[in-house]
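Every number here is computed from the coordinates shown, using simple stated rules; none is lab data. Worth saying up front: this structure is predicted, and the values here are computed from it rather than measured. Ideal geometry is used to build each Cβ from the backbone, glycine not excepted, and the neighbour counts take in all protein chains shown.
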Amino acid sequence: MAIIENLTNDMKDALKKGEALRLSVIRGLINDIKNKKIEKRAEVTDQETLEIFSSALKRRNESIEEFAKGGRQDLVDKEKSEADIIRTYLPQPLTDDEIKQIIIESIRECGATSKKELGKVMKTVMPKFVGRADGKIVNRIVLECLGN
C-alpha cells in the first residue's frame, strides 16, 4: 500500500508544479492499479503493483521500437520520457551477473538439467525478477545455463 500512497502524493506534487506529462503517467498507473483491484475484487499487493509498473514500462518500450521504425521521433521522445517516469517507481534493475547467480541457484533448487525443463525453471525464476529484469534477458540467461 505504501507504493499507492507514494503515487498519490507524487500526483498531487505534479499537479501543483504543473508537470503535465508526469501527472498523466501517474494517473495512468493509478488507473491501472484500480482496474487490477476491480478485476481481482481484492486489494492489490505491492508485488502486483510492481508487476503493473513492469508491464506499463514494457508497453512503453514496445511503443518506442514501433515509433522508431515509423520515423516518429516526437513520439519516441514522449514514450522515453514516460518510461523514465515509470522507472522511478521500480526497484533498481539487476545486472546480468546477479541474474545469472539467482538463476543458477533456482536451477539447483528445482533440479533442472536440460533445455526441455525451461518452463519449469522460468516458473520458479520469474517471480524473483518482477520489475527488476526483462523477461527476454532472463530467458536468454536461463537457456545459457541449461545449455552447459
Using alpha-carbon coordinates, inclination of helix 96-110 to the longest axis of the chain, degrees: 50 degrees
Expected-Rg normalisation [2.2 N^0.38 Å, Cα atoms] applied to segment 96-147: 0.97
Calculated [θ] (222 nm, deg cm²/dmol) that DSSP helices of n ≥ 4 give over the chain, each run adding -39,500 (n - 2.57): -25000 deg cm²/dmol
Using alpha-carbon coordinates, inclination of helix 73-87 to the longest axis of the chain, degrees: 70 degrees
Inter-label distance, nm, simple model (7 Å from Cα along the C-beta direction), Lys128/Glu51: 1.8 nm
Filter on Lys40/Lys123; Lys37/Lys58; Lys34/Lys58; Lys36/Lys78; Lys69/Lys120; Lys69/Lys136 - keep pairs with C-alpha separation over 29 Å: Lys69/Lys120
